[in-house]
Amino acid sequence: MLRVMTTQRIQWLLASVFFILGGWALLAPQSVIDLAFQPQYRSGGHILTFAVACFGSQGVISGLFAAFSRFTRATFLAYGVALLPFFVFDYWFTVVDPIFTPVGLLDAVGNVVMLALCVIGWRQLDPARALDTGDGN
């Protein structure tokens, strides 16, 4: 399977997580609030809807960067390492201070997918692997 996973394909899969989750938050912020936040945190008026939509717009922008940048082995490594604090965030706001409903764990699922893709991309661009296969992808 790794042989058919080009760097560009991996990047588009990374971007798709941002496009799906960020697009949902951008285009339907009230839906995200109603499904992903515990009832006691769904108030806050228009500012909460605005904040979730802003969060979504940042996700979409991140997806554009992931889709159209040139990823190197170091990029996949840095991206994967940068994802690690988000697992703490998801744990904290689901278990320790439960703001998220189980639907809110879609963020954690997206982070797991992106971390796995970073590992695949990092391995795909391994210089030793490129020498073994002769393809560099």
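Computed from the coordinates by the stated procedures, all read-outs in this text should not be read as laboratory data. The structure displayed is predicted, hence computed values, not measured ones. Cβ sites come from the backbone with ideal geometry, for glycine too, and all protein chains shown count toward neighbours.
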Which residues does a label at Phe65 reach in segment 5-37, if reach means a backbone N under 18 Å from a point 7 Å past the Cα toward the Cβ? 11-23, 26
Least to most buried among Met5, Met114 (fewest other Cβ within 10 Å first): Met5, Met114
Cut-off under 5 Å, modelled amide H: who pairs with Phe37 long-range: Thr101
Per-residue [θ]222 nm for the chain (sum of -39500 (n - 2.57) over DSSP H runs n ≥ 4, rounded to 500): -23500 deg cm²/dmol
Would you mind telling me which residue in Phe19, Phe86, Phe37 has the biggest mean-square fluctuation in a Gaussian network model of the chain, where springs connect alpha carbons within a distance under 10 angstrom? Phe86
Segment 1-60: relative contact order from alpha carbon pairs under 8 Å, six or more residues apart, as a whole percent, is 45
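Which values, in whole Å and largest first, are the semi-axes of the equivalent ellipsoid of the chain obtained as the square root of 5 times each eigenvalue of the Cα gyration tensor?
Numbers: eigenvalues 225, 46, 22 Å².
Semi-axes (√(5λ), whole Å): 34, 15, 10.
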Subtracting the Cα-Cα distance of Phe55 and Val96 from 0.36 nm times their residue separation yields 12.5 nm
